[in-house]
Amino acid sequence: MLDKEVKKSKGLKSDTLLFVEKYLYLLSQNQDWFNNPANKALLELLVGDSRVAILSGQGYMLIGQFHKHNGLLFSKDMGNL
């Protein structure tokens, strides 16, 4: 769902940094954005099949599929480590 500018960036900025600058920063300007279910739904649409973990003083938000291994969360399946 991310536009081509963010998804296919070949510049000095990572796709994650471009995502934060272009989308997440704008969302975070809204009061109490972190606890708004509509914002999480919008982020899920923007992220698509990727994964994002957003850490805040209010807690954390996981977008996409994460895997738990020995009490830790990973963006990739850690299998039988």
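Observations, loosely collected:
- Condition met for Asp49 (over 17 Å from Tyr23 (Cα atoms) and either outside any strand (DSSP E or B) or modelled with pLDDT of 90 or more (or both)): no
- In segment 59-78, the residues that are surrounded by 10 or more Cβ atoms within 10 Å (Cβ to Cβ) and within 13 Å of Phe34 (Cα to Cα): Tyr60, Met61, Leu62, Ile63
- When residues of segment 53-67 are limited to those that are at pLDDT 90 or above and in contact with a Phe, Trp or Tyr (Cβ under 9 Å, 6 or more places away or on another chain), the one farthest from Asp15 (Cα to Cα): His67
- Filter result (charged (D, E, K, R) and over 11 Å from the mean Cα position of the chain (by Cα)) within segment 33-81: Lys68, Lys76, Asp77
- A Cβ distance below 8 Å, combined with a sequence gap of six or more or placement on separate chains, defines the contacts here; from segment 53-81, residues that are hydroxyl-bearing (Ser, Thr, Tyr) reach residues that are not in a strand (DSSP E or B) in the pairs Ser56/Phe34; Ser75/Arg51; Ser75/Gly64; Ser75/Phe66.
The values are calculated or read from the model by the stated rules, or taken from the named source; none is laboratory data. Bear in mind the structure is a predicted one, so any value in this text is a computation, not a measurement. Every residue, glycine as well, gets a Cβ built from its backbone with ideal geometry; the counts of neighbours run over all protein chains shown.
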